[in-house]
Amino acid sequence: MPSQEVDVVKLPHRGLALIASDLHGNLKDFHKLLQIWQNTPVKDKHLIFTGDFIHAMGTKEADNSLELLEEIQLDCKKYPGFHLLLGNHEWATITGNPIYKGGVNQSLIFEKLLKDKYGSRWKVKLAEYSHFFKKLPVAVKTSKGVFISHSGPPENVKSLRQIMNITRRGYSANQSLFELLWRRYHDYSKQDVDQFLEAVGCQAMIVGHTPVDGYKLYGNQLIISSSYTKGRKAYVELDLKKDISNGGDLKKMVRYLR
């Protein structure tokens, strides 16, 4: 069984974890990934989404952010192996900071969805969603040394304990949390990735956040785009029993959504 120490979920050394990123209100892709996971013939299995469940951001797909939120809240209660991580778009909802894409205020669009669906109760639902987001962990660590988060790595991390307690310092004025949720690979070097991994006792990491064509291997960091992408849609089938020595080992476990 997985264990959660405040902000980090620790997975056991058996079974399989399906890891996907950045749904951004795409209910259709969520259902596909959920079905793949449900149909996987493995006893001990986990489904991990690395955050950014909301804000369609101008894609051709309908913005089903609210429907998706309602479903994933139920799935958290239904499935023991179902894990949701905090993304920067959820962080923006918690902190009340507007978030833009292509010059468009995604927070205002989200509020309009709430007003259209819930009318005068929209602020109540927004508060409920914010409360739900605050309960989300920020990372998963496997027993074989894979660190999974929305983005990052943050600077100046000396140990895993700093990540385990990261939200205790709040959400707004918390530089380490901001960097864990917002940094893209042009903000840091491959050496920065390795220094962070050494600090948290891992050999490789998986993140989303930055749209890529399916996946991009940046040193020992695997960046995946599962729904909001620059081309293909990828996820990872991580064998929790397999020894992981570097990012290249993760590359072999990339699969594509069809």
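If the condition is being of a type outside the set (D, E, K, R) and part of a strand (DSSP E or B), then the stretch 216-258 contributes L217, Y218, Q221, L222, I223, I224, A234, Y235, V236, L238, V254, Y256.
Mind listing whichever residues of the stretch 149-191 are touching a Ser or Thr at 6+ places or on another chain (Cβ under 8 Å), over 16 Å from I94 (Cα atoms), of a type in the set (S, T, N, Q) and open to solvent by 20 Å² or more (accessible area, probe 1.4 Å)? Answer for the stretch 149-191, where residues must be touching a Ser or Thr at 6+ places or on another chain (Cβ under 8 Å), over 16 Å from I94 (Cα atoms), of a type in the set (S, T, N, Q) and open to solvent by 20 Å² or more (accessible area, probe 1.4 Å): N156, Q162. With respect to the conditions (1) among the hydrophobic types (A, V, I, L, M, F, W, C); (2) part of a helix (DSSP H, G or I); (3) open to solvent by less than 10 Å² (accessible area, probe 1.4 Å), L23 lacks only one, and its number is (2). If I ask for residues that are open to solvent by 10 Å² or more (accessible area, probe 1.4 Å) and not aromatic (F, W, Y), which ones from the stretch 71-80 would you list? Hits for the stretch 71-80 are E71, Q73, L74, D75, C76, K77, K78, P80. Do you know which residues across the stretch 87-131 are among the hydroxyl-bearing types (S, T, Y) and either more than 21 Å from H150 (Cβ to Cβ) or exposed (fewer than 15 other Cβ atoms within 10 Å of the Cβ) (or both)? Once the filter is applied, which keeps residues that are among the hydroxyl-bearing types (S, T, Y) and either more than 21 Å from H150 (Cβ to Cβ) or exposed (fewer than 15 other Cβ atoms within 10 Å of the Cβ) (or both), the stretch 87-131 yields Y100, Y118, S120.
In the set L108, L69, L113, only one residue is part of a helix (DSSP H, G or I), farther than 16 Å from K135 by Cβ and in contact (Cβ under 8 Å) with a residue 24 or more places away in the chain; that residue is L113. Residues in the stretch 208-244 that are touching a Leu at 6+ places or on another chain (Cβ under 7 Å) and either acidic (D, E) or open to solvent by 50 Å² or more (accessible area, probe 1.4 Å) (or both): 4 in all. Residues of the stretch 183-192 include at least one that is acidic (D, E), farther than 19 Å from L86 by Cβ and touching a Pro at 6+ places or on another chain (Cβ under 7 Å). For the stretch 26-57, a residue qualifies if it is touching a His at 6+ places or on another chain (Cβ under 9 Å) and either open to solvent by less than 10 Å² (accessible area, probe 1.4 Å) or closer than 19 Å to I206 by Cβ (or both), and the qualifying residues are W37, H46, L47, I48, F49, T50, G51, D52, F53, I54, H55, A56. Total residues in the stretch 187-234 satisfying the condition of being more than 27 Å from F30 (Cα to Cα) and of a type in the set (G, A, S): the figure is 4. In the stretch 205-227 there is no residue matching the filter, namely being out of contact with any Cys (no Cβ under 8 Å at 6 or more places or on another chain), within 30 Å of K101 (Cα to Cα), charged (D, E, K, R) and in contact (Cβ under 8 Å) with a residue 60 or more places away in the chain. Could you list, in sequence order, the residues of the stretch 111-145 that are of a type outside the set (G, A, S) and closer than 21 Å to F178 by Cα? The answer is Y129, H131, F132, F133, K134, K135, L136, P137, V138, V140, K141.
The values are calculated or read from the model by the stated rules, or taken from the named source; none is laboratory data. Just so it is clear, the structure is predicted and the values come from calculations on it, not from any experiment. Glycine gets a Cβ as well: all are built from the backbone with ideal geometry, and neighbour counts include every protein chain shown. Just so you know, the surface numbers come from the protein's heavy atoms only, side chains and all, with ligands and any DNA or RNA stripped out. Shrake-Rupley method; radii C 1.70, N 1.55, O 1.52, S 1.80 Å.
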